[in-house]
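The block underneath contains the structure these notes are about, expressed in structure tokens.
The values are calculated or read from the model by the stated rules, or taken from the named source; none is laboratory data. Just so we're clear, the structure is a prediction, and the values are computed from it rather than from any experiment. Cβ placement follows ideal geometry from the backbone for every residue including glycine, while neighbour counts extend to all protein chains displayed.
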Amino acid sequence: MTRFPKNFLWGGAIAANQAEGAYLEDGKGLAISDLLTEGFLTEPDQAVDPAKYYPSHEAIDFYHRYKEDLQYMEEMGFKAFRTSISWARIFPTGEEADPNEKGLQYYDDLFAEMLKRGMEPVVTLSHYETPYALTEKYNGWESRELIGLFEKYCRTVFERYKDKVSYWMTFNEINNMHTIPFAAGAVILDESDENEKLRVIYQASHNMFVASARVNKLCHEIMPEAQIGCMLSLSAVYPNTCKPEDIFGAMSLRRRSLFFSDVMLRGKYPSYANRIFEEYGIQLEMEDTDLAEIAAYPSDYLGFSYYRSTTYKDGMKILGNTGGIIGEKNPYLDETPWGWQIDPLGLRYVCNELYDRYQKPLFIVENGMGNNDEVTADNKIHDDYRIDYTKKHLVEIAEALKDGVPIMGYTYWGPIDIVSAGTGEMKKRYGFVYVDKDNAGNGTLRRLKKDSFHWYQQVIATNGESL
Ligand code: BGP
């Protein structure tokens, strides 16, 4: 029995800053990701130090090798390929009067190559790569200035790619404003003042909500047939025990993320937000038209990343928990070498909860297993663990579809090895295609198919029937 819709968007996802490299080539400006030596869980440098290694500067050189890499994706039968446009390729400092034509041309060629190889481009407008000049000048999204600058960037790329791109999304994992605010909002926080820190987190979020509403409107004006979604990181959150305080805390931790999709999909601030603003003395700076715009132009779908589940234990810090993901170990689950708890049923649970809450289509735009793959003497990579992880999650997606949840597609995270966002490592490999490069940046960059490459090719060829 067919378990996946015939138009299900099978594919894979990367991000410009984790794959392209060419970090200053053809006029590109510095992006926030270019100042990180060990990923977004560490503080950025204030300037590039020539003596240091920055993983995003070369990454896997996708900028020059995308034709070869897309050939691998075509061979697996991809229907869709998600990547981001690096804002700093188009407007190097974010404030230029005119866009950088070489940057526009690169993405023109990239999207054309995808379409030629049978893949729908799925484009993230901001994936942890805001022009760093906007952090230096405005402290990123804390300032309303970024609304107009982002709108101008989006209008430029909508106009340029309106005949190539039908699937867009605004801010990658916008709910990570609480855990990695520099990544999600290009803001630097004063960790010494809790109220001020939360004020900046919620002010930046508000400015992004307004920007999202405006570009949703713009997207539909320029491309009436296109779809534009919001995008969140949505691990399942369980109570650590049946203790009522654990149950209530788990709901509160879930709400910390769902606050963002509540605003962007329902078009208004949820009532529970008022208590947070009151308790922390937060007065959001708004213009009279903000709430009307947010109400009038919600996102079309909910894109989200799902890797793992986590638990809430009474007493754990919830709001403003910058510097990483919180959660107690779940004794019923195995975990990856990086401690991410493997919970395929959790994905079915999250899909049902999200559809119950929003009654809008879902798009699983990130799911995958990071692991320390070994290359054998005969150049093989036997990644059965990745096949097992992905198979189990896809089976639960089929169950969620059977539960009546409309799911647009599945773009596996990191179909080719790329730089880890959290740690900057290459050895945290997700790919169905291996890339010869190590954490210190050494390697030939040659590509190798893993066992999982042939497995995923079969899954797509049979529209999931082989699972
Ligand atoms: C998500 C990001 C992706 C990707 C993924 C895996 O938060 O949207 O950019 O990096 O996490 O995380 P990591 O690369 O740290 O393993």
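Which members of the stretch 187-232 meet the condition of being closer than 18 Å to Ala295 by Cβ, of a type outside the set (A, V, I, L, M) and touching a Lys or Arg at 6+ places or on another chain (Cβ under 7 Å)?
Result: Asn207, single match.
Results for (1) under 20 Å from Leu445 (Cα atoms); (2) away from the ligand (no atom under 14 Å from the Cβ), shown as yes or no for each residue.
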{"position": "Phe8", "(1), (2)": "no, yes"}
{"position": "Gly12", "(1), (2)": "yes, no"}
{"position": "Asn17", "(1), (2)": "yes, no"}
{"position": "Gly21", "(1), (2)": "yes, yes"}
{"position": "Asp26", "(1), (2)": "no, yes"}
{"position": "Gly29", "(1), (2)": "no, yes"}
{"position": "Thr37", "(1), (2)": "yes, yes"}
{"position": "Phe40", "(1), (2)": "no, no"}
{"position": "Asp45", "(1), (2)": "no, yes"}
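Anything in the stretch 377-388 that is out of contact with any Lys or Arg (no Cβ under 9 Å at 6 or more places or on another chain) and either crowded, with 23+ Cβ neighbours inside 10 Å or not in a helix (DSSP H, G or I) (or both)? List them, or say none.
Of everything in the stretch 377-388, those that are out of contact with any Lys or Arg (no Cβ under 9 Å at 6 or more places or on another chain) and either crowded, with 23+ Cβ neighbours inside 10 Å or not in a helix (DSSP H, G or I) (or both) turn out to be Ala377, Asp378, Asn379.
Going by the conditions given, is Lys437 within 24 Å of the chain's Cα centre (by Cα), touching a residue at least 60 places away in the same chain (Cβ under 8 Å) and surrounded by 15 or more Cβ atoms within 10 Å (Cβ to Cβ)?
Spelling it out, Lys437 is indeed within 24 Å of the chain's Cα centre (by Cα), touching a residue at least 60 places away in the same chain (Cβ under 8 Å) and surrounded by 15 or more Cβ atoms within 10 Å (Cβ to Cβ).
Hey, among the residues in the stretch 393-428 that are among the acidic types (Asp, Glu) and part of a loop (DSSP other than H, G, I, E, B), which one's farthest from the chain's Cα centre (by Cα)?
This residue is Asp403.
Return only the number of the condition from (1) under 23 Å from Phe432 (Cβ atoms); (2) β-branched (Val, Ile, Thr); (3) within 16 Å of the ligand (Cβ to nearest atom); (4) part of a loop (DSSP other than H, G, I, E, B) that Ile364 does not satisfy.
Going through (1) under 23 Å from Phe432 (Cβ atoms); (2) β-branched (Val, Ile, Thr); (3) within 16 Å of the ligand (Cβ to nearest atom); (4) part of a loop (DSSP other than H, G, I, E, B) one by one, Ile364 breaks only (4).
Would you point out which residue out of Val419, Val350 is farther than 28 Å from Glu75 by Cα, surrounded by 15 or more Cβ atoms within 10 Å (Cβ to Cβ), within 16 Å of the ligand (Cβ to nearest atom) and β-branched (Val, Ile, Thr)? Outline the logic, then answer.
On the way: Val419 fails: farther than 28 Å from Glu75 by Cα.
Checking each option against the conditions leaves just Val350.
Checking the condition exposed (fewer than 15 other Cβ atoms within 10 Å of the Cβ) and in a helix (DSSP H, G or I), which residue from Ala112, Ala47 passes?
From the options Ala112, Ala47, the qualifying one is Ala112.
Just checking, does the stretch 225-237 include any residue being farther than 30 Å from Asp108 by Cα, at pLDDT 95 or above and not in a loop (DSSP other than H, G, I, E, B)?
There is at least one residue in the stretch 225-237 that is farther than 30 Å from Asp108 by Cα, at pLDDT 95 or above and not in a loop (DSSP other than H, G, I, E, B).
Could you pull out the residue among Ser452, Ser466 that is in contact with a helix residue (DSSP H, G or I) (Cβ under 7 Å, 6 or more places away or on another chain), more than 16 Å from Ile60 (Cβ to Cβ) and loosely packed, with under 15 Cβ neighbours inside 10 Å? If you could, list the steps in order and put the result at the bottom.
Values: Ser452 fails: loosely packed, with under 15 Cβ neighbours inside 10 Å.
Residue meeting the stated conditions: Ser466.
Condition test on Ala400, is it farther than 30 Å from Pro181 by Cα and buried (at least 17 other Cβ atoms within 10 Å of the Cβ)? Outline the logic, then answer.
On the way: farther than 30 Å from Pro181 by Cα: yes; buried (at least 17 other Cβ atoms within 10 Å of the Cβ): yes.
In short, yes.
Yes or no, residue by residue, for (1) more than 16 Å from the ligand (Cβ to nearest atom); (2) touching a residue at least 60 places away in the same chain (Cβ under 8 Å):
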{"residue": "Glu285", "(1), (2)": "yes, yes"}
{"residue": "Ala292", "(1), (2)": "yes, no"}
{"residue": "Ser299", "(1), (2)": "yes, yes"}
{"residue": "Leu302", "(1), (2)": "no, yes"}
{"residue": "Ser309", "(1), (2)": "no, yes"}
{"residue": "Tyr312", "(1), (2)": "yes, yes"}
{"residue": "Lys317", "(1), (2)": "yes, no"}
{"residue": "Asn321", "(1), (2)": "no, yes"}
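If you take just the helices (runs of 4 or more DSSP H) that sit entirely in the stretch 132-200, which of them hold at least 1 residues that are closer than 19 Å to Met264 by Cα and either away from the ligand (no atom under 16 Å from the Cβ) or hydrophobic (A, V, I, L, M, F, W, C) (or both)?
In the stretch 132-200, 145-161, 181-185 are the helices (runs of 4 or more DSSP H) which contain 1 or more residues that are closer than 19 Å to Met264 by Cα and either away from the ligand (no atom under 16 Å from the Cβ) or hydrophobic (A, V, I, L, M, F, W, C) (or both).
Kindly indicate whether Gly409 is more than 16 Å from the ligand (Cβ to nearest atom), surrounded by 20 or more Cβ atoms within 10 Å (Cβ to Cβ), within 20 Å of Glu75 (Cα to Cα) and not acidic (Asp, Glu). Don't jump to the end; show me each part of the working.
Numbers: more than 16 Å from the ligand (Cβ to nearest atom): yes; surrounded by 20 or more Cβ atoms within 10 Å (Cβ to Cβ): yes; within 20 Å of Glu75 (Cα to Cα): yes; not acidic (Asp, Glu): yes.
Yes, satisfied.
In this structure, does Tyr434 turn out to be farther than 30 Å from Asp356 by Cα, in a strand (DSSP E or B) and in contact with a strand residue (DSSP E or B) (Cβ under 6 Å, 6 or more places away or on another chain)?
Working: farther than 30 Å from Asp356 by Cα: yes; in a strand (DSSP E or B): yes; in contact with a strand residue (DSSP E or B) (Cβ under 6 Å, 6 or more places away or on another chain): yes.
It is true that Tyr434 is farther than 30 Å from Asp356 by Cα, in a strand (DSSP E or B) and in contact with a strand residue (DSSP E or B) (Cβ under 6 Å, 6 or more places away or on another chain).
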